[in-house]
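Comments concern the structure below.
The values are calculated or read from the model by the stated rules, or taken from the named source; none is laboratory data. Treat the numbers as computed from the prediction; the structure is a model and nothing was measured. Neighbour counts are summed over all protein chains in view; Cβ atoms, including those assigned to glycine, are modelled from backbone coordinates with ideal geometry. Only protein heavy atoms, including side chains, enter the accessible area calculation; ligands, DNA and RNA are left aside. Shrake-Rupley method; radii C 1.70, N 1.55, O 1.52, S 1.80 Å.
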Amino acid sequence: MKLINIGFGNMINASRLISIVSPESAPVKRIIQECKERGTLIDATHGRRTRAVIIMDSGHVVLSYLQSETVAQRMKSDGDGIGEETCDE
């Protein structure tokens, strides 16, 4: 399992990630509001401005203060230990 650091020591499972999108568009804002109402929104911004919205295959939506490109770059890193942790099951 590959974990991606999304800021402030918060991690997500890379294999469960569907997409990373910008929070500015109206459809994404609607998704965030619907998830907030359903209780499937995870706010990992620590009070900072949301810069990336991460959609998981479980239906959860994670908010991060890191930019979308930064999260994507951390996902692409090849096991160099920066922004990721691995755990054998």
Selection over region 21-61 where residues are open to solvent by less than 30 Å² (accessible area, probe 1.4 Å) and not β-branched (V, I, T) yields a count of 5
Across region 4-20, the tally of residues that are among the aliphatic types (A, V, I, L, M) and either open to solvent by 40 Å² or more (accessible area, probe 1.4 Å) or in a helix (DSSP H, G or I) (or both) stands at 4
Among (1) of a type in the set (V, I, T); (2) under 15 Å from A14 (Cα atoms); (3) not in a strand (DSSP E or B) - the single one T50 does not satisfy
(2)
Return yes when I55 is free of Cβ contacts under 8 Å to residues at least 40 places away in the same chain and not in a loop (DSSP other than H, G, I, E, B) and no when it is not.
yes
Pairs with Cβ under 6 Å, 6+ apart, first in region 1-26 and more than 16 Å from Q67 (Cα to Cα), second loosely packed, with under 13 Cβ neighbours inside 10 Å and polar (S, T, N, Q):
K2/T86
Which numbered condition trips up S77, out of (1) within 10 Å of the chain's Cα centre (by Cα); (2) open to solvent by less than 60 Å² (accessible area, probe 1.4 Å)?
(1)
Within region 32-45, is even one residue among the small types (G, A, S), in a strand (DSSP E or B) and either in contact with an Asp or Glu (Cβ under 8 Å, 6 or more places away or on another chain) or on the phi > 0 side of the Ramachandran plot (or both)?
no
